[in-house]
Amino acid sequence: MKKNQVKNGIKTTAKKVSKATKPNPDLVIINEDLPVLIPKKENGNFGYVNQKGKFIIKPEYHIAVFFYEDCNLLNSPNEKVRKFGTKEYATVEKDMISYRVDKTGKRVYQFKDADLGKCKFGDYKQQLYQAYVLNGFYGIIEKAKFENAADYRQYQIYPQYQYLYIMEGDNTADPMIVASHNDKFGVIDVNNKVIVPFEYSNIKRNFSWKLGKMFEVTKDGTNYYYIDARNKTY
């Protein structure tokens with residue numbers, strides 16, 4: 001009779017090792033201060049370009065905003081969708097339906113009212129500076145120090161502009177200021193240094209600087225696009 005052979009040792013199962021995800025070569029970073037993907041309008045629709053201006057997500061949306069946190073999803077009662085509220089995703093809208101897309105353009109989530117939670121706001125950063133109007137012209141004052149409007153030395157920027165607006169941002173000590181001079185818009189800082197030349201018919205006063213360190217501008221009053229603080233177009 002043949003004896004059954006006994007195999008010593010513990011039987012192991014080979015595990016498949018997942019390959020590391022390769023970085024997307026299209027998501028180039030030329031300027032660390034800017035988003036890797038930037039909303040851009042073409043033929044009436046929005047998509048996303050990289051920092052070289054190449055479309056990575058094709059323009060097919062009525063609305064497209066920067067990749068940024070959505071606090072309603074981050075605080076959703078549905079735990080499964082909270083991950084879609086992180087800054088790895090962006091909100092877009094097509095045919096009156098809103099989605100979150102990833103950086104490949106894939107629609108990973110469709111908004112539902114039942115999924116929206118309440119935003120939890122952190123400490124509000126009080127602005128140090130504010131616009132001040134004197135004789136029909138705009139200037140800038142530091143609110144905590146300004147007392148006497150007749151003393152020109154108390155102005156951070158003496159009133160000389162047709163219009164000024166302090167953009168929302170994280171650095172309250174050195175904010176970007178949208179200004180109008182000779183019927184053209186540009187951007188200055190609190191030291192009255194010109195950051196963006198006065199060559200635009202309008203610059204939107206929105207959250208583009210806070211979310212993407214960019215300005216949404218137009219020269220013809222119709223076609224808007226983004227520029228950075230170096231006045232480079234995207």
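The values are calculated or read from the model by the stated rules, or taken from the named source; none is laboratory data. Owing to the predicted nature of the structure, the values given are computational and were not obtained by experimental measurement. Note: ideal-geometry Cβ built from the backbone for every residue, glycine included; neighbour counts use all protein chains shown. For accessibility, only protein heavy atoms count, side chains too; no ligands or nucleic acids. Shrake-Rupley method; radii C 1.70, N 1.55, O 1.52, S 1.80 Å.
Table for the structure above
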item	result
Per-residue ³J(HN,Hα) for region 156-168, Karplus 6.51 cos²θ - 1.76 cosθ + 1.60, θ = phi - 60°, Hz, x for Gly and Pro	5, 10, 5, x, 7, 10, 5, 6, 9, 9, 7, 6, 5
Cα pair distances exceeding 19 angstrom across region 158-226, given as percent	26
Karplus (6.51, -1.76, 1.60) ³J(HN,Hα), θ = phi - 60°, over region 57-70, in Hz, Gly and Pro reported as x	10, 4, x, 9, 10, 6, 9, 8, 10, 4, 5, 7, 5, 10
Computed [θ] at 222 nm, helices only, for the chain once each DSSP H run of length n ≥ 4 contributes -39500 (n - 2.57)	-500 deg cm²/dmol
q = 0.16, 0.26, 0.27 Å⁻¹: log10 I(q)/I(0) that the Debye formula gives for region 41-119, counting C-alpha atoms only	-0.57, -1.22, -1.28
Of K94/K204; K118/K143; K58/K193; K120/K219; K120/K193, those spanning more than 28 Å from alpha-carbon to alpha-carbon	K118/K143; K58/K193; K120/K219; K120/K193
Gained length - Q126 relative to S98, 0.36 nm times residue gap less alpha-carbon distance	6.9 nm
Accessible area, probe 1.4 Å, largest first, for residues S98, S208	S98, S208
For the chain, radius of gyration divided by Kirkwood radius, i.e. Rg to Rh on alpha-carbons	1.20
Note, ³J(HN,Hα) from phi for region 24-34, Karplus 6.51, -1.76, 1.60, rounded to Hz, x at Gly and Pro	6, x, 6, 8, 6, 10, 9, 10, 5, 7, 9
About the Cα centre, charge dipole magnitude for region 83-234 (Lys/Arg +1, Asp/Glu -1 at Cβ), debye	520
Spread of Cα-to-Cα distances over 10 Å intervals beginning at zero, given as percent, for region 71-162	14, 28, 12, 15, 24, 7
Share of carbon and sulfur in the accessible heavy-atom surface of the chain [1.4 Å probe, %]	49
For region 58-130, accessible area per residue (1.4 Å probe, heavy atoms of protein chains only), Å²	67
Signed unit charges on C-beta, dipole axis of region 95-234, positive-most listed residue I141, P159, T104	T104
Listed residues E147, E69, E216, most fluctuating in the chain (Gaussian network, C-alpha, under 10 Å)	E147
Gain in span if fully extended, R107 to K145, counting 0.36 nm per residue against the direct Cα distance	8.7 nm
